[in-house]
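Data block below; observations after.
The values are calculated or read from the model by the stated rules, or taken from the named source; none is laboratory data. These figures come from a predicted structure and were not determined experimentally. Please note: Cβ atoms are built from the backbone with ideal geometry, for glycine as well, and neighbour counts cover all protein chains shown.
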Amino acid sequence: MTLAIDKAIAKVPFLAKSKNIKRTPLSGGITNLNFRIDADGKSYVLRLAGEDTDQLGIRRDVEYAANRAAGQLGIAPEVVYFIEPEGYIVTRFVNGKRIMPEDIVKPNYLARVAKKLRLFHRCAPELQGEFNVFRRVEMLAKLSKSNNCKFPFDWDWIMQKTQEIEKALMKDPYVPTPCHDDLLNLNWLDEEVPGDIGELRLLDWEYAGMGDIFFDLANFSHHHRLNEEQVQYFLREYFGEVTPKNYARLRLMWPMSELHEAMWGTTQTGISKLEEDFQGYADLWFGRVRQHLTDYRWEQWLKDVARKSKN
């Protein structure tokens, strides 16, 4: 570990020249390692990409481009260096506090989250990578099968339901848009600025790509277990109104996002060398997928997403 971080530091010119460097491991990640680097009165975060993450479809050049764009837009900590060919990223260290799950679902935070996501969706440049959840689930399933991973007993039924979703959504196809695609709670920080109100900062751009904005909206919603009132408020803050079509698109993307989490866990049981309960993680998310695939409003959502509208 020490060797890896030292080699990375040696590749960053302004860090390699420093005579006074302090390295502090940062907690929170599973597949990647993050360090706070203090040098010459400034602080940075150096992110070491995890082993075999390319098997999960992660492209570090796309992560760098997304993080760089988000930093320029005031959404993410600014990128100050990219280490190639390893794909390690150095960003400004943000003096921020974690936003607790019970707080980020309150109206003030939901409005701030919606505005940050809309800003990236509308203003970020095109990314040279795709994030299509249907194709990603297929890719992860193929990789999992090649590693003899455990699949749920009702996998065929789950696949049937996902085909229903994609068929309905394709009646009014989405416009590929720059998306983050991994909006769990630990990826949000509230920056603390002396004497002023800080900004929300969004971390970890390794799954970013050109995708469906409703995947981002659903991904945030399910990670934070938004209730009906919160979903309505979130959509209103993003779009200015809540239409049956937009509501249905979010609700159908919700189980797809959960399925992606479940398949991530399933795949990790076959490729990861870490001592984590990835099977338990997968089983948890498969359970949540089933709840949403059997919602009594399912047929109505399939109809509503096909409505022709400006949204």
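Across the range 102-143, what is the number of residues that are touching a helix residue (DSSP H, G or I) at 6+ places or on another chain (Cβ under 8 Å) and under 30 Å from residue 271 (Cα atoms)? The total comes to 11.
All conditions in (1) over 30 Å from residue 115 (Cα atoms); (2) surrounded by fewer than 18 Cβ atoms within 10 Å (Cβ to Cβ); (3) aliphatic (A, V, I, L, M) hold for residue 12, with the sole exception of (2). Looking only at the range 239-279, residues that are of a type in the set (Val, Ile, Thr), out of contact with any Asp or Glu (no Cβ under 8 Å at 6 or more places or on another chain) and within 19 Å of residue 148 (Cα to Cα) come to 3 in all. Looking at residue 164, is it assigned to a loop (DSSP other than H, G, I, E, B), surrounded by fewer than 19 Cβ atoms within 10 Å (Cβ to Cβ), in contact (Cβ under 8 Å) with a residue 40 or more places away in the chain and not assigned by TED's automatic domain parsing to the domain that holds residue 76? The answer is no for residue 164. Would you tally the residues in the range 204-240 being among the hydroxyl-bearing types (Ser, Thr, Tyr) and under 10 Å from the mean Cα position of the chain (by Cα)? Within the range 204-240, residues that are among the hydroxyl-bearing types (Ser, Thr, Tyr) and under 10 Å from the mean Cα position of the chain (by Cα) number 1. Quick one: what pairs do we get from the range 197-216, first residue in contact (Cβ under 8 Å) with a residue 12 or more places away in the chain and part of a strand (DSSP E or B), second basic (Lys, Arg) and surrounded by fewer than 24 Cβ atoms within 10 Å (Cβ to Cβ), C-beta under 8 Å, 6+ apart or different chains? From the range 197-216, the pairs are 200/112; 200/116; 202/116.
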